[in-house]
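The values are calculated or read from the model by the stated rules, or taken from the named source; none is laboratory data. Just so you know, these numbers come straight off a predicted model, no measurement behind them. Using ideal geometry, Cβ is built from the backbone for each residue, glycine included, and neighbour counts are taken over all protein chains shown.
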Amino acid sequence: MPTTFQWLVALRYLRMQVARSVRIHWITGILGVLLGATFLLSYAVDHTHVPMLQDLRSEHATLIRLVKLGTLVGFVLIETFILLVRRLTIFTTISTYGLFLGSGALVIVLSVMSGFENDLRHKILGANAHIVVQTPDKPFTDYEAARKKLAALPDVVGVSPFITNEVMIASSSNLSGVVLKGIDPEGTTKVTELSKQIDTGGLDYLTNPEKLKPLGGPAFLKDDEKNEDKPPPEAVKVERRTVPGVIIGRELAKNLRLDLGDDVNIVSPLGGIGPSGPIPKSKPFRVAGVFFSGMFEYDSKYIYLSIPAAQKFLGTDDEVTGLELKVHDPDNTEPALAAIRGALGPGYDVQDWKELNRNLFSALKLEKIAMFIVLCFIILVAAFSIIANGIMLVMEKGREIAILKSMGASDQSILVIFILLGLYMGTLGTVAGIGVGILACLGLARYGLSLDPDVYYITQLPVKMNPTEIALVFCAAILIAILATLYPAWVAARLKPVEGLREGH
């Protein structure tokens, strides 16, 4: 264990021994004042009620927020540098400041990436079930018996059958390839968040399509027929027949220019055989609802029908694609998977949401690891600065080291003193950086950084701090700082007292 003497010597070498540079204080102080004034000005513009400034804010809202955030970050960085340079030598300050920047950037970047991952996970679990059961080798016709078995399991919250297939959907203005999914409107509320995601319409229209007859207008009105001069479709008294309902995503509704009650055609390649070959099967449907899941892929590619309507359209009789299940703990699905496989026996393919989205989350994990490694280079640059600072300190303090050795200090004591020097710099820079990073993440989570939802599909930058990742950043920065001190410490420990005294004179 390091002694008090070794700690005192290590800290003494870090303290400033020469007159403080007034020029550095003036330059950093002026920059801090300018950044602080810019932040206050941008904050005033962003929260003012003056008409002229309100117009400026509406035209350049994103730029003003970026300026406000950038000046605040710059002010914090400048003030941190001033605090360090007032206590330490300029070379020690540069080394410590590099650790401060690296650890702070790591905490912020990893927290933002964890926020995106958590947001993506929440949206996937909202639109999909936790576990899916299918029969890859045979048609799934005995799903009611399997449904009753699975509903009796203690870990299962809800079970619902589904049918899925790829089809085309066409409106009067456009068409698109989509994934058709037949659902049980009552059962799907127990396994997904679809009922909460519907903006207009509802699941009730799937089971009661006759309620859609008064909604919307005649099928396939042309663009030049949809104007304000003509009366609404209800006034025209066009007789509409009852057709099955379909729920579509918000992005798909924009693409096809559809609204609640509008008619569409769904086209399946699984049609009959005509004289010239396969004939696609087409059937009219009516928009029963528009949902918004927050995932562009789902909102632009998924449509929902009732299971009887999907079975009739696809010609699958009383057959489904599989069963969807919701469990109590989606993060720990292994016990539920084992119980489901034991209850159903062989012949069933049971997969949880992690396995179904393995490629996506593996890519996110790989990206996070890559960002951690890249940002660690900031800490490595600071490590080289620590090495240079340590070698310069050995050359400058060679006489003092020789005196300590002549007074009885061992090589191990000198080695420990320089290791403690690196530990002190690493701890100071890392703790300050992590502290500022945590404060920045709390500020982003509390006030948020607004994003354009039409571009990023989220309203603000998501942030989620992970204690394990923060601890990993701390350990990595401290370890790099200590390793960077080993060579200067080894040089100092091997210094002979005679050589040190002679070079000191």
Members of the range 479-489 that are farther than 16 Å from residue 381 by Cβ and surrounded by 17 or more Cβ atoms within 10 Å (Cβ to Cβ): 482, 488, 489
Selected residue (criterion: farthest from residue 248 (Cα to Cα)) from residues of the range 158-172 that are over 31 Å from the mean Cα position of the chain (by Cα) and hydroxyl-bearing (Ser, Thr, Tyr): 172
Enumeration of residues in the range 345-374 that are under 23 Å from residue 132 (Cα atoms) and without any contact (Cβ under 8 Å) to a residue 40 or more places away in the chain: 345, 346, 354, 355, 358, 359, 362, 363
Residue pairs meeting the criteria (Cβ under 6 Å; at least 6 apart or on separate chains; first β-branched (Val, Ile, Thr), in the range 256-271; second surrounded by fewer than 17 Cβ atoms within 10 Å (Cβ to Cβ)): 266/283; 267/168; 267/280; 267/282
Set 141, 164: member being polar (S, T, N, Q) and touching a Gly at 6+ places or on another chain (Cβ under 8 Å): 164
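Okay, residues lined up against (1) over 21 Å from residue 418 (Cα atoms); (2) in contact with a Cys (Cβ under 9 Å, 6 or more places away or on another chain); (3) modelled with pLDDT of 80 or more; (4) aliphatic (A, V, I, L, M):
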| position | (1), (2), (3), (4) |
| --- | --- |
| 447 | yes, no, no, no |
| 469 | yes, no, yes, no |
| 478 | no, no, yes, yes |
| 484 | no, no, yes, yes |
| 490 | no, no, yes, no |
| 493 | no, no, yes, yes |
| 501 | no, no, no, yes |
Odd one out for residue 151 among (1) buried (at least 18 other Cβ atoms within 10 Å of the Cβ); (2) in contact with a strand residue (DSSP E or B) (Cβ under 6 Å, 6 or more places away or on another chain); (3) more than 19 Å from residue 310 (Cα to Cα): (1)
Residue count, the range 294-334 (criterion: under 27 Å from the mean Cα position of the chain (by Cα) and more than 22 Å from residue 123 (Cα to Cα)): 0
